[in-house]
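Asker: This is the structure I want to talk about, given as structure tokens.
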Amino acid sequence: MAASNHFLEGKKIIVVGGGIAGCAFVAALHKLWNPNWRLPEIVILERNPRDVRHNYSISLHGDSVNGGLVALRQLGLLGETLSHSIFGLRSGQFKMWDVNWKELMSTQPQPWGDLPTGSMRIQRSDLERILVREAERINAAFHRGVECTGAERLANGRIRVAVEDEAGVKDHQDCDFLVVADGAQSRLRAALRPHDGLKYAGAVQIGGRAEFPHGIPEPIEENWGVLLSGKGVCCYFSAVDKDTVVWALSQQRAEPDTRTSVATPDRFAALKEEALRLGSMFSEPFCTIVESTIPSSAFVTAAMEKEPFRHDDPSLERIVFIGDANHAVSAFAGNGANLALKDGWDLAENICHQSSLHNAVAAYDRLGFARAAEAIKSSHQKIDFAHCTSVKDSLLRAGLATGRWFMRMRGM
Ligand SMILES: Cc1cc2nc3c(=O)[nH]c(=O)nc-3n(C[C@H](O)[C@H](O)[C@H](O)COP(=O)(O)OP(=O)(O)OC[C@H]3O[C@@H](n4cnc5c(N)ncnc54)[C@H](O)[C@@H]3O)c2cc1C
């Protein structure tokens with residue numbers, strides 16, 4: 001391609017959603033853009049009027065080319081990200097425990113290539129802040145408090161995005177290329193692909209954030225992981241900072257839970273009672289953690305997901321969905337942010353290296369579709385595995401024992 005003639009040169013790109021995928025895409029496009037080409041105008045439209053504090057932590061993977069840490073290194077943001085690691089780089093492992101907190105398995109993924117670690121945990125808010133700052137630093141216009149409600153193709157081929165500000169005032173913005181990164185509940189997907197919504201993945205979690213002003217109890221002060229019961233119930237734990245830990249007790253159920261809020265005193269008391277009853281087989285510090293839950297943080301949530309899609313439908317010409325807006329994985333996957341980071345990088349890279357927008361999107365689809373389909377498959381396996389009943393459980397334990405022996409042999 002001639003250096004002076006890129007198909008998006010001088011054009012306008014709108015990115016709907018200034019979260020992980022949207023900001024990763026903008027930062028990657030800026031990094032990979034040939035300085036001989038005129039930059040497109042990039043506008044990010046973000047619904048939230050200000051930074052939102054997300055009170056949970058996420059795992060970023062660096063054990064394969066599909067890990068979020070690979071994308072962060074490509075973006076030049078790895079060092080800053082690692083400096084926010086909750087457990088540091090030398091400690092902090094994913095563990096599986098039995099009902100008495102006896103370790104069944106511990107994983108320490110091998111770093112891919114020369115990455116300094118195979119995995120890390122970071123507060124979701126820290127990661128988002130790093131990415132938003134990068135998008136703002138490179139002069140993308142970042143408009144907050146703007147909700148996008150729909151999009152349509154104009155007769156001249158451009159895309160018109162309908163927007164609404166905080167006061168409810170409706171307007172629109174036109175662009176040559178639309179990147180939709182507005183998350184799992186995507187309004188634009190609902191408008192453009194009304195039959196492609198989230199589906200229940202078969203498990204319900206109840207949980208909250210427990211506070212420990214004198215320090216998080218062992219063994220979750222240094223590791224994160226899941227308590228397995230072998231009776232169809234499991235409980236996940238992960239520190240958010242040195243004082244707080246998120247717990248989520250889950251069960252496979254035929255139907256999603258219909259409770260919407262559990263923050264009132266009565267509902268909160270009922271939720272704690274339910275957790276203590278369902279998790280009665282778990283020994284301390286399980287009860288202490290449940291009892292230390294901050295009422296306003298209590299939640300009931302159904303695992304939801306959505307299969308990925310390719311952009312081969314002509315109605316999507318000049319429109320690309322990335323991150324959760326394209327393929328939502330449930331929390332059991334522990335992978336949605338990794339996929340979002342890689343989607344952002346891969347779309348930008350193909351835009352910069354392919355000869356047309358059509359080829360760039362097709363190349364992005366080849367990578368993103370397969371990656372997300374695999375993540376959803378793996379998430380189903382994790383849901384089955386974590387909620388296994390006794391017969392499966394004994395098989396599982398045998399498998400785990402073999403796995404632990406194998407890891408020891410490898411010096412892990
Ligand atoms: C409790 C929990 C634990 C998790 N743990 C992990 C983990 O360990 N590892 C992992 O990889 N992932 C994890 N995830 C998933 C991960 O957080 C998501 O997959 C990831 O944030 C998806 O990024 P995204 O940019 O696609 O969407 P989002 O991060 O949801 O960003 C979407 C953005 O779009 C904005 N927006 C929404 N609608 C509109 C609109 N109409 N107009 C304008 N803007 C809009 C939103 O305000 C938001 O800023 C976890 C999620 C949860 C909830």
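Asker: Would you check if there is a residue in the stretch 295-305 being touching a strand residue (DSSP E or B) at 6+ places or on another chain (Cβ under 6 Å), within 16 Å of the ligand (Cβ to nearest atom) and farther than 27 Å from PHE94 by Cβ?
Answerer: No: zero hits.
Asker: From the residues in the stretch 321-346 that are under 15 Å from GLY18 (Cα atoms) and touching a strand residue (DSSP E or B) at 6+ places or on another chain (Cβ under 7 Å), which one is farthest from the ligand (Cβ to nearest atom)?
Answerer: PHE321
Asker: Under 9 Å by Cβ, and 6 or more places apart or on different chains, what pairs join a residue from the stretch 240-262 that is farther than 17 Å from LYS199 by Cβ with one that is exposed (fewer than 11 other Cβ atoms within 10 Å of the Cβ)?
Answerer: Cβ pairs passing all conditions: LYS242/GLY215; ASP243/PRO213; ASP243/HIS214; ASP243/GLY215.
Conditions tested, residue by residue: (1) under 16 Å from ILE44 (Cβ atoms); (2) more than 14 Å from the ligand (Cβ to nearest atom); (3) in contact (Cβ under 8 Å) with a residue 40 or more places away in the chain; (4) surrounded by 14 or more Cβ atoms within 10 Å (Cβ to Cβ).
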residue: VAL146; (1), (2), (3), (4): yes, no, yes, yes
residue: ARG153; (1), (2), (3), (4): no, yes, yes, yes
residue: GLY157; (1), (2), (3), (4): no, yes, yes, no
residue: LEU178; (1), (2), (3), (4): yes, no, yes, yes
residue: ALA181; (1), (2), (3), (4): yes, no, yes, yes
residue: ARG187; (1), (2), (3), (4): yes, no, yes, yes
residue: ARG193; (1), (2), (3), (4): no, yes, yes, yes
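Asker: Would you please name the residue that is surrounded by the most Cβ atoms within 10 Å (Cβ to Cβ), looking only at residues in the stretch 207-225 that are out of contact with any helix residue (DSSP H, G or I) (no Cβ under 6 Å at 6 or more places or on another chain) and part of a strand (DSSP E or B)?
Answerer: Initially, the stretch 207-225 is screened for residues out of contact with any helix residue (DSSP H, G or I) (no Cβ under 6 Å at 6 or more places or on another chain), giving 207, 211-225.
Okay, now just the ones that are also part of a strand (DSSP E or B), so 207, 211, 224-225.
On the way: GLY207: 25, GLU211: 14, TRP224: 22, GLY225: 22.
Filtering first and then ranking leaves GLY207.
Asker: Given the conditions (1) touching a Pro at 6+ places or on another chain (Cβ under 9 Å); (2) assigned to a strand (DSSP E or B), which single one is not true for LEU29?
Answerer: Of (1) touching a Pro at 6+ places or on another chain (Cβ under 9 Å); (2) assigned to a strand (DSSP E or B), only one is false for LEU29: (2).
Asker: Scan the stretch 227-242 for residues that are out of contact with any helix residue (DSSP H, G or I) (no Cβ under 6 Å at 6 or more places or on another chain) and farther than 14 Å from TYR56 by Cβ and report the count.
Answerer: We begin by selecting, within the stretch 227-242, every residue out of contact with any helix residue (DSSP H, G or I) (no Cβ under 6 Å at 6 or more places or on another chain); these are 227-229, 231-232, 235-242.
Still in the list and also farther than 14 Å from TYR56 by Cβ: 227-229, 231-232, 235, 242.
Result for the stretch 227-242: 7.
Asker: Considering only the stretch 96-105, I want to know if a residue exists there that is within 15 Å of the ligand (Cβ to nearest atom) and either over 24 Å from the mean Cα position of the chain (by Cα) or surrounded by fewer than 17 Cβ atoms within 10 Å (Cβ to Cβ) (or both). Walk me through it before giving the result.
Answerer: At the first step, the residues of the stretch 96-105 found to be within 15 Å of the ligand (Cβ to nearest atom) are none.
No - not one qualifying residue is present in the stretch 96-105.
Asker: Further, regarding this structure: Within the stretch 52-69, track down each residue that is near the ligand (Cβ under 8 Å from one of its atoms) and either in contact with a strand residue (DSSP E or B) (Cβ under 8 Å, 6 or more places away or on another chain) or not hydrophobic (A, V, I, L, M, F, W, C) (or both). If you could, list the steps in order and put the result at the bottom.
Answerer: First pass over the stretch 52-69, keeping only residues near the ligand (Cβ under 8 Å from one of its atoms): 52, 54, 56-61, 68.
Residues satisfying the conditions are HIS54, TYR56, SER57, ILE58, SER59, LEU60, HIS61, GLY68.
Asker: Looking at ALA155, ALA151, ALA141, can you tell me which residue is within 30 Å of LEU8 (Cα to Cα), in contact with a helix residue (DSSP H, G or I) (Cβ under 8 Å, 6 or more places away or on another chain) and small (Gly, Ala, Ser)? Quick ask: steps written out before the conclusion?
Answerer: Numbers: ALA155 fails: in contact with a helix residue (DSSP H, G or I) (Cβ under 8 Å, 6 or more places away or on another chain); ALA141 fails: in contact with a helix residue (DSSP H, G or I) (Cβ under 8 Å, 6 or more places away or on another chain).
Every option except ALA151 fails the conditions.
Asker: From ASN100, ASN66, grab the single residue that is out of contact with any Leu (no Cβ under 7 Å at 6 or more places or on another chain), of a type outside the set (Gly, Ala, Ser), assigned to a loop (DSSP other than H, G, I, E, B) and under 24 Å from LYS242 (Cα atoms).
Answerer: On the way: ASN66 fails: under 24 Å from LYS242 (Cα atoms).
When all the criteria are applied, what remains is ASN100.
Asker: Then there is this: Looking at the structure I just gave you, is SER250 within 20 Å of VAL300 (Cβ to Cβ), within 14 Å of the ligand (Cβ to nearest atom) and buried (at least 20 other Cβ atoms within 10 Å of the Cβ)?
Answerer: Details: within 20 Å of VAL300 (Cβ to Cβ): yes; within 14 Å of the ligand (Cβ to nearest atom): yes; buried (at least 20 other Cβ atoms within 10 Å of the Cβ): yes.
Yes, satisfied.
Asker: Further question: Which one is nearest to the ligand (Cβ to nearest atom), of the residues in the stretch 22-51 that are more than 23 Å from GLY150 (Cα to Cα) and among the polar types (S, T, N, Q)?
Answerer: Let us first name the residues in the stretch 22-51 that are more than 23 Å from GLY150 (Cα to Cα), namely 27-39, 51.
Adding the requirement that they be among the polar types (S, T, N, Q) leaves 34, 36.
Working: ASN34: 26, ASN36: 30 Å.
Here the answer is ASN34.
Asker: Of the residues ALA210, ALA263, ALA239, ALA248, which single one is at pLDDT below 95, within 23 Å of ILE86 (Cα to Cα) and small (Gly, Ala, Ser)?
Answerer: The match here is ALA239.
Asker: So how many residues does the stretch 263-318 have that are without any contact (Cβ under 8 Å) to a residue 24 or more places away in the chain, part of a helix (DSSP H, G or I) and closer than 30 Å to ARG371 by Cβ?
Answerer: Total satisfying the criteria: 1.
Asker: If only one of ALA135, ALA210 is farther than 30 Å from SER261 by Cβ and either within 15 Å of the ligand (Cβ to nearest atom) or of a type in the set (A, V, I, L, M, F, W, C) (or both), which one is it?
Answerer: On the way: ALA210 fails: farther than 30 Å from SER261 by Cβ.
That would be ALA135, the only listed residue that is farther than 30 Å from SER261 by Cβ and either within 15 Å of the ligand (Cβ to nearest atom) or of a type in the set (A, V, I, L, M, F, W, C) (or both).
Asker: Can you name the residue in the stretch 352-378 that is touching a Phe, Trp or Tyr at 6+ places or on another chain (Cβ under 8 Å) and assigned to a helix (DSSP H, G or I) and is also nearest to the ligand (Cβ to nearest atom) among such residues?
Answerer: PHE369
Asker: Hey, another quick one. Does GLU284 meet the test of being loosely packed, with under 14 Cβ neighbours inside 10 Å, of a type in the set (Asp, Glu) and within 26 Å of the chain's Cα centre (by Cα)? Show your work before the answer.
Answerer: Working: loosely packed, with under 14 Cβ neighbours inside 10 Å: yes; of a type in the set (Asp, Glu): yes; within 26 Å of the chain's Cα centre (by Cα): no.
Taking the combined requirement at face value, the residue does not satisfy it.
The values are calculated or read from the model by the stated rules, or taken from the named source; none is laboratory data. Predicted model only: the values in this text are computed from it and were never measured. For neighbour counting, all protein chains shown are included, and Cβ atoms are generated from backbone atoms with ideal geometry for every residue, glycine included.
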